[in-house]
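One structure is given below, encoded as structure tokens.
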Amino acid sequence: MRCLVKELRLLLPLLVSLLIAACGDDNPASSTSSIDTASTPVIAAAAVETERLNTWLDEQYEAQLDFSPQTRTVLGEKTDNDKLDDYSLEGTNQQLEWLRQSVASMRSGFVYDNLTEEGKLSWDMWEFGLAQAESSVPFQYHNYIFGRGGPHAGLPSFMISFHSVDTLAGLQAYIARLGEIDRAFAQLLERARAAAALGIRPPAFDYDFAIDEIGRVTAGVPFSSNDSTPNSPIWVDLQTKLDALVDKNLVDAQQAQSLREEARAVLSGEVLAAYASVLAWLEEDKPRADAVPQGAWALPDGENYYNQRLRLMTTVDLTADEIHNIGLSEVARLRGEMEAIMTQTGFAGTLPEFFMFMREDPQFYYPDTDEGRQDYLDKNNLHLTAIAEKLPAFFGRLPKAPLTVSRVEAFREQPGAAQHYRSGSPDGSRPGVFYAHMSDMSTLAIYQIEDIAYHEGNPGHHMQISIQQELTDVPRFRTQYRTTAYTEGWGLYAEWLAKEMGGYADPYSEFGRLSGEIWRAVRLVVDTGMHAKRWTEDQAVQYFLDNSAIPEGAIRSEIKRYITGPGQATAYKIGMLNFQQARARAESALGDQFDIRAFHDVVLGAGAVPMPVMHARIDRWIEQTLD
């Protein structure tokens, strides 16, 4: 359940890691920065200085966006929408040097102590972006590029999902962007080769994923010379967008034919050649990859790399051993709650036998047909509609952006792969989308539908990310960044909160919620197990099977994901625990004065900040409420 899928991390190489969103809220009930400029000269001066910093940060953010035309497109902008990002190592280093100079300019041009609390937070977060980027420099070759969901699938997905076409110029820009794919792939391939030369390459199964995805992207017209084959996904998308222009009389038939021929030549020429180059390298290099996957510990300077990843993902200072032990404790607690649900259902047997029953009984799965897939989508929408009616009782601020539930595009769909959310545009013109991999319905348990819908939709990712993007009284950079612990921790907290909101009336659905939570607790154990304690893939799979009713196909897909993305899986449960701790502290301190709507507005008004920053905001809110 990834908020940001792998292709976006690769599409926006450094910029995404630098744009750190901090807190802000225009709701007085949840704001910690309400300024009465008439109260004292000092407060008035701080407000003026903070406004000057905000203006400067907006200018810096605008300059930073120039490094990533694709980020501008994701944000709904048209500037440079005929270009793809610079994926070279030189380009990444240029961005980093720019940020170094930007932070130095901030330090010389402003005085930290002269700012309001919110202004200081903006300063801190701009510096935090640099610190995070600097921490990744020693490991700039450690991220696997061409694996499952890499740029070979991510770039077509980006074009289909984000590059809107409403004018002739927009379609011309679309075709021009297709013409940039060969340059982008060449830059990425150079980095992948350099990593491989250092002994850094993904396990063999990730090569297989990429090879399979390339085959699906390039199958059919216009990549194939046989016009009787089906159209490729990118060709379908281009023609759909071109036909819409024709229907609106924005392009005539002669122009449309010329554009179609131009696009076909680009796709069947340099784009196909670029894919062939990547495919050839994957097939040539795969025999050098580990047939038996190993963890981060096996990479050059692997222990330090994994520790850096844990800090990056959790935003707190916990060792691998500490995270592992938290996971073991949470798994034990949740097993006890699952046994209580098992007893409630009347099942006669042990918990492992109940896991097997839930994993294999056909009553818990829709058929692997188009009708079954539609039933699955309909059930998700039913739960999301019902929970939407409860939101005003728990949140003062609600998202404006619409939400849709969709099947993943066929060319990037993987059996058992994690469902995920893709944010809409800040102006609401493009909805947020909750995606499900539906190629194998035996990996999608009905009893988990409710839980996952709340995580990916409302009150989970869609609510949190939409509200963050809709903030207007903060520097713009603070509306966009996603720290994984906050974003995914909120999604898991939202699953837990939904029970309080009236969800999971059916005991099997409640078991599904517990299955979702123990899933994330298991992640703490198996991620640290594989990357720090040298567990094998089979050990990790077996531990998952022993402590979860999740279908084995989904488990094996998950474990492969953890192998290729060290540390990311630990952010969910660590983030959730921090939100629960902050809420418990506020409830204890405020007693009858505790207001759940105000608490959530303070938390969501902060954006996806590091966990220590979230705790500091809650502490200030508690103090102000008690005054």
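The values are calculated or read from the model by the stated rules, or taken from the named source; none is laboratory data. Quick caveat: nothing in here was measured; it's all calculated off a predicted structure. Note: ideal-geometry Cβ built from the backbone for every residue, glycine included; neighbour counts use all protein chains shown.
Numerical summary
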| read-out | value |
| --- | --- |
| Selection status of A210, closer than 18 Å to F158 by Cβ, touching a Gly at 6+ places or on another chain (Cβ under 9 Å), buried (at least 20 other Cβ atoms within 10 Å of the Cβ) and at pLDDT 95 or above | yes |
| Residues of the stretch 523-535 classified as among the small types (G, A, S) and outside any helix (DSSP H, G or I), total | 1 |
| Filter result (hydrophobic (A, V, I, L, M, F, W, C) and closer than 20 Å to M342 by Cβ) within the stretch 500-530 | A505, F511, L514, I518, W519, A521, V522 |
| Residue count, the stretch 159-190 (criterion: within 30 Å of V103 (Cβ to Cβ) and in contact with a Lys or Arg (Cβ under 9 Å, 6 or more places away or on another chain)) | 1 |
| Selection from the stretch 460-503 of residues that are part of a loop (DSSP other than H, G, I, E, B) and farther than 26 Å from M358 by Cα | L471, T472, D473, V474, P475, Q480, Y481, T483 |
| Meets criteria (crowded, with 19+ Cβ neighbours inside 10 Å and modelled with pLDDT of 95 or more) for P138 | no |
| Identity of the residue in the stretch 474-489, surrounded by fewer than 24 Cβ atoms within 10 Å (Cβ to Cβ) and basic (K, R), that ends up nearest to K390 (Cα to Cα) | R482 |
| Qualifying positions in the stretch 601-627 - closer than 20 Å to T472 by Cβ and either touching a Pro at 6+ places or on another chain (Cβ under 8 Å) or of a type in the set (K, R) (or both) | R617 |
| Selected residue [closer than 16 Å to G575 by Cα and surrounded by 20 or more Cβ atoms within 10 Å (Cβ to Cβ)] from L492, L444, L471 | L492 |
| The stretch 39-73: number of residues that are farther than 22 Å from M125 by Cβ and buried (at least 17 other Cβ atoms within 10 Å of the Cβ) | 3 |
| Selected residue [in a helix (DSSP H, G or I) and without any contact (Cβ under 8 Å) to a residue 24 or more places away in the chain] from E284, E303 | E284 |
| Positions within the stretch 71-115 being free of Cβ contacts under 8 Å to residues at least 24 places away in the same chain and not in a helix (DSSP H, G or I), in sequence order | E77, T79, D80 |
| 3 or more residues at pLDDT below 95: qualifying helices (runs of 4 or more DSSP H) within the stretch 552-613 | 552-564 |
| Looking only at the stretch 190-206, and only at residues there that are crowded, with 22+ Cβ neighbours inside 10 Å and in a helix (DSSP H, G or I), the one that is nearest to the chain's Cα centre (by Cα) | D206 |
| Hits in the stretch 579-627 (condition: acidic (D, E) and under 29 Å from the mean Cα position of the chain (by Cα)) | D601, D619 |
| Residue check, R520 of a type in the set (K, R) and either under 26 Å from P612 (Cβ atoms) or assigned to a loop (DSSP other than H, G, I, E, B) (or both) | yes |
| Near pairs, Cβ below 6 angstrom, 6+ apart or cross-chain, from the stretch 473-496 (in contact (Cβ under 8 Å) with a residue 12 or more places away in the chain and within 28 Å of N54 (Cα to Cα)) to any residue that is in a helix (DSSP H, G or I) and among the polar types (S, T, N, Q) | P475/N54; P475/S122; T479/Q468; T479/Q469; A485/T314; W490/Q464 |
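Listed here are the residues, each with its yes/no results for (1) within 17 Å of the chain's Cα centre (by Cα); (2) surrounded by 15 or more Cβ atoms within 10 Å (Cβ to Cβ).
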position	(1), (2)
N381	no, yes
L384	no, yes
L391	no, yes
F394	no, yes
P399	no, yes
R412	yes, yes
H420	yes, yes
S429	no, no
